[in-house]
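Asker: Following this message is one structure expressed as structure tokens.
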């Protein structure tokens, strides 16, 4: 009788306190995945997990060990979680040497690849050359703007994900849109869709939620969520709020998320007639 053993999976992802929503995603997924497979979590060696339950469900090792561990006893699968954030830099380092299955959380990796060239390769011109090679004169123009910190929304039209897709042995996407765009670049790649799981939070009353967050209980509340930078289009939003206050003087606008070090949010608010926060 053949004895079946669970698949051995190397799982490479940020976890908290890494500044990435993918850290939350992985921490929610891993305890369930560990019920069906023998999972080893590989982390950036500079990352100290704040969730003690991770080590209760699976082995946690530094990423620098993955290449050696896989050579000595190959894993059945290696999962590399890649997103548009520096939190994935060391994961991309090892994925180039030991290809595996890429979980592509963001189709556009432009800002990550710009950061990677400047901070890991220490050669910003490699980014410029890649933009020109892949996207021609238009890509070169965008690259010249970006390296001068003239960040433009047009950068999202140049995904800079070609190297990641080319290196993958397989790819997991969260939407049919991303899967189709990946297959347009590499039709031979084995792909599948795993929908993004979103747990239902406990529902609190509106009054209790406002009291807990320190928000006025009678205000008309609007909010923007996520990393705050020029792409959030905060300036036209504030102009609209100033006009709206004539009709709704009790309006309250809340920004929820980290702030780009290159974006002066406080100064922008002061110049926009100081809406209520």
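The values are calculated or read from the model by the stated rules, or taken from the named source; none is laboratory data. Predicted model, so just to flag it, every value in this text is computed and none were measured. Neighbour counts are summed over all protein chains in view; Cβ atoms, including those assigned to glycine, are modelled from backbone coordinates with ideal geometry.
Asker: Restricting the search to segment 144-172, which residues are touching a helix residue (DSSP H, G or I) at 6+ places or on another chain (Cβ under 9 Å), within 29 Å of residue 264 (Cβ to Cβ) and touching a residue at least 24 places away in the same chain (Cβ under 8 Å)?
Answerer: Passing the criteria: 146, 147, 151, 153, 155, 156, 158, 159, 160.
Asker: Counting only residues that are at pLDDT 90 or above and under 27 Å from residue 179 (Cα atoms), which one in segment 141-154 is surrounded by the most Cβ atoms within 10 Å (Cβ to Cβ)?
Answerer: The extreme case among them is 143.
Asker: Does segment 158-169 contain at least one residue that is in contact with a strand residue (DSSP E or B) (Cβ under 9 Å, 6 or more places away or on another chain), more than 27 Å from residue 90 (Cα to Cα) and part of a loop (DSSP other than H, G, I, E, B)?
Answerer: no
Asker: Can you tell me which condition residue 192 does not meet? The list is (1) in a strand (DSSP E or B); (2) surrounded by fewer than 11 Cβ atoms within 10 Å (Cβ to Cβ); (3) out of contact with any helix residue (DSSP H, G or I) (no Cβ under 9 Å at 6 or more places or on another chain), and all the others hold.
Answerer: (3)
Asker: Would you check which residues across segment 35-57 are more than 16 Å from residue 78 (Cβ to Cβ) and either surrounded by 19 or more Cβ atoms within 10 Å (Cβ to Cβ) or within 17 Å of the chain's Cα centre (by Cα) (or both) and list them?
Answerer: 47, 54
Asker: Now a separate question. Looking only at residues in segment 234-260 that are without any contact (Cβ under 8 Å) to a residue 12 or more places away in the chain and outside any loop (DSSP other than H, G, I, E, B), which one is farthest from residue 217 (Cα to Cα)? Working first, answer last.
Answerer: Taking segment 234-260 first, the residues without any contact (Cβ under 8 Å) to a residue 12 or more places away in the chain are 236, 240, 243-244, 246-247, 249.
If we keep only those that are outside any loop (DSSP other than H, G, I, E, B) too, we end up with 236, 240, 243-244.
On the way: 236: 26, 240: 22, 243: 22, 244: 19 Å.
Among those residues, the one meeting the criterion is 236.
Asker: Among the residues of segment 21-38 satisfying the criterion of being in a helix (DSSP H, G or I) and touching a strand residue (DSSP E or B) at 6+ places or on another chain (Cβ under 6 Å), which is nearest to residue 49 (Cα to Cα)? Give the steps one after another, and end with the answer.
Answerer: Residues of segment 21-38 in a helix (DSSP H, G or I): 21-33.
With the extra rule that they be touching a strand residue (DSSP E or B) at 6+ places or on another chain (Cβ under 6 Å), the set shrinks to 22, 33.
Numbers: 22: 14, 33: 18 Å.
Going through the qualifying residues, I end up with 22.
Asker: For segment 261-275: of the residues being assigned to a loop (DSSP other than H, G, I, E, B) and loosely packed, with under 15 Cβ neighbours inside 10 Å, which is modelled with the highest pLDDT? Break it down into steps so the answer makes sense when it comes.
Answerer: Within segment 261-275, the subset assigned to a loop (DSSP other than H, G, I, E, B) is 261-264, 271-275.
Then drop every residue that is not loosely packed, with under 15 Cβ neighbours inside 10 Å, which leaves 261-262, 264, 271, 273-274.
Values: 261: 75, 262: 75, 264: 84, 271: 81, 273: 59, 274: 53.
Selected residue: 264.
Asker: What number goes with the only condition from (1) over 30 Å from residue 79 (Cα atoms); (2) under 27 Å from the mean Cα position of the chain (by Cα); (3) at pLDDT 80 or above that residue 180 does not pass?
Answerer: That leaves (1) as the condition not met.
Asker: Here's something else I'd like to know. Please return the ranges of strands (runs of 3 or more DSSP E) entirely within segment 47-108 where 2 or more residues are modelled with pLDDT of 95 or more and within 26 Å of residue 260 (Cβ to Cβ).
Answerer: Hits in segment 47-108: 77-82, 101-104.
Asker: Now a separate question. Among what's in segment 59-84 and is crowded, with 21+ Cβ neighbours inside 10 Å and in contact with a helix residue (DSSP H, G or I) (Cβ under 6 Å, 6 or more places away or on another chain), pick the residue that is nearest to residue 160 (Cα to Cα).
Answerer: Across segment 59-84, the extreme among qualifying residues is 84.
Residue-wise test of (1) surrounded by 10 or more Cβ atoms within 10 Å (Cβ to Cβ); (2) over 28 Å from the mean Cα position of the chain (by Cα).
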{"residue": "205", "(1), (2)": "no, yes"}
{"residue": "209", "(1), (2)": "yes, no"}
{"residue": "214", "(1), (2)": "no, yes"}
{"residue": "219", "(1), (2)": "yes, yes"}
{"residue": "222", "(1), (2)": "yes, no"}
{"residue": "238", "(1), (2)": "yes, no"}
{"residue": "241", "(1), (2)": "yes, yes"}
{"residue": "246", "(1), (2)": "no, yes"}
{"residue": "255", "(1), (2)": "yes, no"}
